[in-house]
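*Asks:* Can you keep this structure in mind? I'll have questions shortly.
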Amino acid sequence: MSTFDRRIVIVGDSIAGCTAARELRARGHRGPLTMIGADADGCYARPPLSKHVLKSEAAEAERWDLSDLHITSIVDRAVSVDTDTRTVTTVSGADVPYDALIVATGAAARRIAAHGQAGETVLRTFADARALGSRLNQARTAIIVGAGFLGMEVASTCAFRGIEATVVDIDAPLERLLGSFLSESILLRAESASVNFVRVDRPVSLLGNPVVGVELAERTLAADLVVTCAGDVPETSWLDGTGISDRYGVGIDERCTTTVSNIFAAGDVAYSRTAPAQVRSPFWSNAVAQGKVAAASALGLDPTCAPTDDYFWTEILGLAIKVVGPLPLHGDPTVLEGSVDDGSALLQWNHDDGRKTIVAFGMKKPVGLLRRLARESAVPTT
Ligand SMILES: Cc1cc2nc3c(=O)[nH]c(=O)nc-3n(C[C@H](O)[C@H](O)[C@H](O)COP(=O)(O)OP(=O)(O)OC[C@H]3O[C@@H](n4cnc5c(N)ncnc54)[C@H](O)[C@@H]3O)c2cc1C
């Protein structure tokens, strides 16, 4: 059988899975294509959830229409895969056979509640965003655990909605990703928007059952709402015992192939097993790139792009931050244009290995230009 006629099953119908489906058809796959997704809300983009959906009850999720791809869509949770018989089994008992399988099950919000502790609020899905949005309607005060990009976006929404927000973390805002130079600037902006910060020296635990606050080393903090933004964990439990995943996620190579034949993986669930460290890069652009590469590999074709795309963006306190290049950032950048203090700057970091990271900090610049600057050795900005 030609690879173009194979039965291909994609588990996970978010951006990695949907990109893979579109790429499969675009590259000539004409065989049966099945997509299994556990979320009753279907296919939608997550980045707007924390940027727009939380701000307005009227905001809808950004959904994708795949009806032109002639997919069999199954709304169900995959619970296991048999790599000998090549069958995925779902929670409602359906057995779905495949010739090639693409794992795109992403990640779930990392939770920090103790066993049996109720009321932990997280933000990963559209349902989470709806639930959090209605809690925000009632809240005057909020605690956000985690000062990464998601925690800072939730804190920004609180500031926008006039809710007094306190962000708790071991590190300063976005410091782990963007380094101390930008972190300090973000901290100043946040403080001037009345977002408070509490630095702790160890992970906090949640207070109350249901949750009403956080326990710090020597005191407790309480608020109307507590939101955990403490990272994510790869969704691999359905792969247990297959050898496809390990404690880091699903290891992939440059072609998004896993260690099991005819099984490919893409997106937040995946980490590079050819890189020195087993770290996932759970960002949108990587999920898109890997979706395309996994699809090409499932057809036995050469991919049209690399399996990594180091473009990342966030929006904090009205400031759009676009980053192209390796992270994390260390030390001070060269200011190519504008001023960080004014909230509008184009910045360049030079890494020891010769690579560069370009950041548009509140300055409107097309991503294509940032990509070009990151690749070039000179630094023209127009
Ligand atoms: C609120 C929010 C804001 C974000 N903002 C940004 C941003 O500004 N910039 C950026 O670069 N990145 C951002 N991200 C990260 C980005 O959204 C992710 O990198 C991207 O969604 C990863 O896509 P994915 O398809 O790999 O996984 P996911 O989006 O996690 O989707 C996986 C899908 O698989 C399904 N699934 C899981 N297990 C099973 C199973 N066993 N059976 C069937 N289906 C299953 C899930 O229901 C889900 O729909 C944000 C993430 C969140 C949560």
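The values are calculated or read from the model by the stated rules, or taken from the named source; none is laboratory data. From a predicted model like this one, the values you see are computed outputs, not experimental measurements. FYI the Cβ positions are ideal-geometry reconstructions off the backbone, even for glycines, and counts take in every protein chain you see. To get the accessible areas, we keep the full protein, side chains included, count just its heavy atoms, and leave off ligands, DNA and RNA. Shrake-Rupley method; radii C 1.70, N 1.55, O 1.52, S 1.80 Å.
*Asks:* In whole percent, what relative contact order does the chain give with Cα contacts below 8 Å and a gap of six or more residues?
*Replies:* With pairs under 8 Å counted, the relative contact order is 16 percent.
*Asks:* Taking the Cβ of ARG124 as the center, what net charge do the other residues with Cβ under 9 Å away carry, scoring Lys and Arg +1 and Asp and Glu -1?
*Replies:* Around ARG124, the surrounding residues sum to -1.
*Asks:* How far is helix 15-26 tilted, in degrees, relative to the longest principal axis of the Cα atoms in the chain, given as a value from 0 to 90 rounded to the nearest 10?
*Replies:* Helix 15-26 and the main axis of the chain meet at about 40 degrees.
*Asks:* May I ask for the distance between the Cα centers of the range 191-236 and the range 81-134, given as a whole number of Å?
*Replies:* 24
*Asks:* Continuing with the same structure: What whole number of Å gives the distance from the Cα centroid of the range 283-332 to the Cα centroid of the range 345-370?
*Replies:* About 15 Å separates the Cα centre of the range 345-370 from the one of the range 283-332.
*Asks:* Could I ask something else about it? Once you charge only the Cβ atoms, +1 for Lys and Arg and -1 for Asp and Glu, what is the size of the charge dipole of the chain about its Cα centre, to the nearest 20 debye?
*Replies:* Here the chain has a charge dipole of around 500 debye.
*Asks:* Just the number, please: percent antiparallel of the DSSP beta bridges in the chain, rounded to the nearest 5.
*Replies:* Percent antiparallel among DSSP bridges in the chain is about 55.
*Asks:* Roughly to the nearest percent, how much of the accessible area of the chain is carbon and sulfur, given a 1.4 Å probe?
*Replies:* 50
*Asks:* Related question: Identify the trypsin sites (Lys or Arg not before Pro) of the range 1-94 meeting these criteria: DSSP loop state and at most 14 other C-beta atoms within 10 Å of the C-beta.
*Replies:* ARG30
*Asks:* So which trypsin sites (Lys or Arg not before Pro) in the range 294-367 are both in a DSSP loop and have at most 13 other Cβ atoms within 10 Å of their Cβ?
*Replies:* ARG355, LYS364
*Asks:* Restricting to DSSP loop positions (anything but H, G, I, E, B) with no more than 16 other Cβ atoms inside 10 Å of their own Cβ, which GluC sites (Glu not before Pro) remain in the range 8-77?
*Replies:* Taking the range 8-77 and a limit of 16 other Cβ atoms within 10 Å, the loop GluC sites (Glu not before Pro) found are GLU57, GLU60, GLU62.
*Asks:* Next up: Give the lysines reachable from LYS365 as a straight Cα distance under 24 Å; neighbours fewer than 8 places away on the same chain don't count.
*Replies:* LYS51, LYS322, LYS356
*Asks:* Please check: in the Gaussian network model of the chain (C-alpha springs, under 10 Å), which one of PRO48, PRO173, PRO307 has the largest mean-square fluctuation.
*Replies:* PRO48
*Asks:* A further question follows. Using only Cα atoms, tell me the angle between helix 175-192 and the longest principal axis of the chain; keep it within 0 to 90° and round to the nearest 10.
*Replies:* For helix 175-192, the angle is close to 40 degrees.
*Asks:* Here's something else I'd like to know. Name the most mobile residue of VAL367, VAL233, VAL145, meaning the one with the largest mean-square fluctuation, in a Gaussian network model of the chain with Cα contacts below 10 Å.
*Replies:* Answer for the Gaussian network model of the chain: VAL367.
*Asks:* Counting heavy atoms of the protein chains only and a 1.4 Å probe, report the per residue accessible area for the chain as a whole number of Å².
*Replies:* Ligands and nucleic acids excluded, the result is 45 Å² per residue.
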